[in-house]
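A.B. asks: What follows is a single structure, and I will ask about it in a moment.
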Amino acid sequence: TLKAHLTLEKPRFHLGLTVANSQITADREVLQGLLAKGQTYYLGTDGVYAAFPARALDRVLRLIGDQDQLYPLYQVLPLVEQLTVEEVTITYDAEFTSFLAQLRNFESLPVLPLPVGLNAELRSYQVSGVNWLRFLARFGLSGILADDMGLGKTIQTLTALLSLHSEEPQTPPSLVIVPTSVVYNWQDEARKFTPKLRTELFVGPDRQEIFKRPKLPQVVFTTYGILRRDIDFLKSQRLSYVILDEAQMIKNPESVSAKAVKQLQGLHTLALSGTPIENRLLELWSIFDFLMPDFLATNKLFQERYEKPIAGGDPQAAQELQRRIKPFILRRLKTQVEKDLPPKTDMVRYCSLQPQQQSLYLQTLQQCRSQIFGEITSGGVGRSQMSILAALLRLRQVCCDPRLVEAEKYTAEDSAKLLELMDLLETILAEGHRVLLFSQFVTMLTLLKRSLEQSRISYEYIDGGTTAKERKERVERFNLDNRLQVFLISLKAGGTGLNLTGADYVIHYDPWWNPAVEAQATDRAYRIGQTRPVFNYKLITRGTIEEKVIQLQKSKAELAEQVLSEDSVFVKSLTQKDLEFLFS
């Protein structure tokens, strides 16, 4: 009988191999020598010869290698599966038995206390997610947190990072690599939910100095673009975690980003993606090649063993791949955790202006400053309200899309917010959700229609010029026809009188100072008849008038509670100090 004994020596394991019958035992080294000579019998210590299963042993040795060695823990399940096929008797030490049970069923993991300093109340499925992340880290394993969009992959990851760096304060920094559009969001979330973590942005001209300080940050956020430029520097840094947000960014294994992340030296790796497979299975292989090299064999073998058979409709290949990856992918859909979700979740999505857009914004800002403060000097704030409104309007338009100001000079690629919106829609619609998209500018809605049509996204539309009969017909059509993915609505036309519970996502393309009007618009989806949680997004350009007005909203909370209904009300409330802040 072939026998294998597995011993846990995390983050690896040892496999001891023997052949035994009722009286005689021979170890691996002896048997390998006999195999090399073509013999099928071995001599026991009592002088008795015994046959051993030479062909089976040869196959097993080809599987596990000729040398006695330690194996990565992530290889244990496929190895055990193949040893079982060869009818090898497998035994484990006690710690290994416990580890395997938890690996096969993460819901059996003991619930660990959340780290001190977490400034958030996690939902039950998020606590389970943090437990899973900490389990993987404890055993040197990696995985993909693939929760549906909006379920809190960021806060689960930050909690796991807080736990690691609290328990091991001397451990090297962790590096989180994210798309450019959300790098500031990550830092904002860290400051809000895990303020005890020392965090830094690895951006800007002096970014490399961060790693040369006597006291290093615990978590560093950077972008895929900077990673590509600075890979020679970053690959020499010792890192605790290397975490990829929107990990589908490395779905092409031949891309510069994919090759760069695989050069980083992380003790732990983690991928975050609600869409780890967008077009083909090779994308999943590329992510796992970063997380756990060789886990899914080579690129060529993966295609032969899984991708081609599965594409050809082979259910056995699909089941085998699913069994292999299941312990290392955690995915919860909104439909699975609805009882844990609040009825409405508000989120802000930031983006940074495109280069041409930035130049136009700064030029416009300078012109507005000169005009407004000249008028204020001569006539005071009260007599300058029309000029202030006009200046705010123009700056907002530049933030939305430069084409609202100079249609002929710019293209869709010059609008950071439009690019961010289309990325956001791609993810939301891929998950089967439907969207209400609001803008205060009818001209912006026209540009949005053009982009949706180019991307072959189906939509309905209403603005102030839509008749009552048309409104009714279009609303009914959207609620009844699930093939319609987006409803474009001007804020004033759609703020009241519409029941659009067919959508469960709301996006405010150009949110402004009136939270009451925004809330009324969101309530088109978040109302009686809605059976799903609603996710409400605001798109904000960072470092602009939009971000500053949101900050002013917070400082003028009492005014907001009085239900600001007109732009002029907001302008009348502004002091000289407020205006200096807005137009700085």
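The values are calculated or read from the model by the stated rules, or taken from the named source; none is laboratory data. Just so it is clear, the structure is predicted and the values come from calculations on it, not from any experiment. Ideal geometry is used to build each Cβ from the backbone, glycine not excepted, and the neighbour counts take in all protein chains shown. For accessibility, only protein heavy atoms count, side chains too; no ligands or nucleic acids. Shrake-Rupley method; radii C 1.70, N 1.55, O 1.52, S 1.80 Å.
A.B. asks: What FRET efficiency comes out for the pair Thr411/Tyr459, r = Cβ-Cβ distance, R0 = 25 Å, nearest 0.05?
C.D. replies: Taking R0 as 25 Å, the efficiency between Thr411 and Tyr459 is 0.75.
A.B. asks: Beyond 19 Å, how much of the Cα-Cα pair distribution for region 195-340 remains, as a whole percent?
C.D. replies: 59
A.B. asks: Can you tell me how much longer the chain between Met386 and Lys492 gets when fully stretched, taken as 0.36 nm per residue apart minus their C-alpha distance, in nm with one decimal?
C.D. replies: 36.1 nm
A.B. asks: Using the crude model of +1 on Lys and Arg Cβ and -1 on Asp and Glu Cβ, and no other charge, please compute the dipole size for region 216-284 relative to its Cα centre, in debye to 20.
C.D. replies: 200
A.B. asks: A follow-up question, please. Per residue of region 144-161, what does 6.51 cos²θ - 1.76 cosθ + 1.60 with θ = phi - 60° give for ³J(HN,Hα)? Whole Hz please, x for Gly and Pro, Karplus curve as stated.
C.D. replies: Going residue by residue, I get 10, 8, 10, 4, 3, 4, x, 8, x, 4, 5, 5, 5, 5, 4, 5, 5, 5 Hz, with x marking Gly and Pro.
A.B. asks: Another question, then. Give the span of region 51-178's Cα atoms along each principal axis, as three whole-Å numbers ordered largest to smallest.
C.D. replies: 65, 30, 30
A.B. asks: May I pose another question? Between Asp423 and Glu476, 0.36 nm times their residue separation minus their Cα-Cα distance comes to what?
C.D. replies: 16.3 nm
A.B. asks: Find the Cα radius of gyration of region 136-208, compare it with 2.2 N^0.38 Å by division, and give the number to two decimals.
C.D. replies: 1.17
A.B. asks: Rounded to the nearest 10 degrees, what's the angle between the helix 282-291 long axis and the longest principal axis of the chain, both from Cα atoms, 0 to 90?
C.D. replies: Result, in degrees: 80.
A.B. asks: If one takes the longest principal axis of the Cα atoms in the chain, at what angle in degrees, from 0 to 90 and to the nearest 10, does the Cα axis of helix 76-85 lie?
C.D. replies: Result, in degrees: 40.
A.B. asks: Could you work out the pair-distance distribution P(r) of region 190-254 from its alpha-carbon pairs, with 10 angstrom bin width and percents rounded to whole numbers?
C.D. replies: P(r) for region 190-254, in whole percents per bin: 16, 52, 27, 4.
A.B. asks: Next up: Given labels modelled 7 Å from the Cα in the Cβ direction, how far is it in nm from Thr335 to Asn279?
C.D. replies: Taking the simple label geometry, Thr335 and Asn279 are separated by 2.7 nm.
A.B. asks: Efficiency by 1/(1 + (r/R0)^6): what FRET value for Asp93 and Arg323, r their Cβ-Cβ distance, R0 = 30 Å, to the nearest 0.05?
C.D. replies: It comes out at approximately 0.80.
A.B. asks: Find how many whole Å separate the alpha carbon centroid of region 122-178 from the alpha carbon centroid of region 227-255.
C.D. replies: For region 227-255 versus region 122-178, the Cα centre distance is 18 Å.
A.B. asks: Output needed for region 334-479: three equivalent-ellipsoid semi-axes, defined as square roots of 5 times the C-alpha gyration tensor eigenvalues, in descending order, whole Å.
C.D. replies: Calculated on Cα positions only, the semi-axes equal 34, 19, 18 Å.
A.B. asks: Still on this model: Starting from a Cα-only point model with no solvent, please compute log10 I(q)/I(0) by Debye for region 123-257 at q = 0.15, 0.17, 0.19 1/Å.
C.D. replies: Here log10 of I(q) over I(0) equals -0.74, -0.97, -1.23.
A.B. asks: If you don't mind, another one. First measure r as the distance between the Cβ atoms of Gln576 and Thr298, then evaluate 1/(1 + (r/R0)^6) with R0 = 51 Å and state the FRET efficiency to the nearest 0.05.
C.D. replies: Once the sixth-power term is evaluated, E becomes 0.15.
A.B. asks: Enumerate by residue number the GluC sites (Glu not before Pro) in region 200-262 meeting two conditions: DSSP loop (anything except H, G, I, E, B), and at most 13 other Cβ atoms within 10 Å of the site's Cβ.
C.D. replies: Here the GluC sites (Glu not before Pro) that fit, given the DSSP loop and packing criteria, are Glu254.
A.B. asks: Still on this structure: Amide H of Ser240 versus every other amide H placed in the peptide plane: which residues, excluding those fewer than 5 positions away on the same chain, fall under 5 Å?
C.D. replies: Excluding prolines and chain starts, which carry no amide H, the hits are Ser174, Leu175, Leu267.
A.B. asks: Calculate the length of the line joining the C-alpha centroid of region 35-101 to that of region 189-214, in whole Å.
C.D. replies: First find each Cα centre; the distance between them is then 48 Å.
A.B. asks: Once amide H atoms are placed 1.01 Å from N in the peptide plane, what residues at a sequence separation of 5 or more from Glu460, or on another chain, have their amide H within under 5 Å of its amide H?
C.D. replies: Val486, Phe487, Leu488
A.B. asks: Which label marks the calculated value of Cα extents along the principal axes in Å, given the options [x] 112, 60, 44; [y] 169, 60, 49; [z] 93, 73, 44?
C.D. replies: Structure-derived value, by its label: [x].
A.B. asks: Heavy atoms only, probe 1.4 angstrom, no DNA, RNA or ligands counted: give me Asp58, Asp230 ranked by accessible area, highest first.
C.D. replies: Solvent-accessible surface, decreasing: Asp58, Asp230.
A.B. asks: Further, regarding this structure: At 7 Å along the Cα-to-beta-carbon direction for both Arg213 and Thr180, put a label point, then send me their distance in nm to one decimal.
C.D. replies: The answer from the label model is 2.5 nm.
A.B. asks: Quick check on the chain: helices-only [θ] at 222 nm, where DSSP H runs of length 4 and up contribute -39,500 (n - 2.57) each and the sum goes over total residues. Nearest 500, please.
C.D. replies: About -12500 deg cm²/dmol.
A.B. asks: While we're looking at this one, here's another question. Could you give the dipole magnitude of the chain about its Cα centre, charging the beta-carbon of Lys and Arg +1 and that of Asp and Glu -1, in debye to the nearest 20?
C.D. replies: 600
A.B. asks: Let me ask something else. Subtract the Cα-Cα distance of Glu121 and Val348 from 0.36 nm times their separation in residues, and report this length gain in nm to one decimal.
C.D. replies: 79.8 nm
A.B. asks: Now, a different point. Could you compute the net charge surrounding Leu83? Neighbours are other residues with a C-beta less than 11 Å from the C-beta of Leu83; K and R count +1, D and E count -1.
C.D. replies: In short, -1.
A.B. asks: On C-alpha positions alone, give me the angle between the axis of helix 442-454 and the longest principal axis of the chain, in degrees, nearest 10.
C.D. replies: 30
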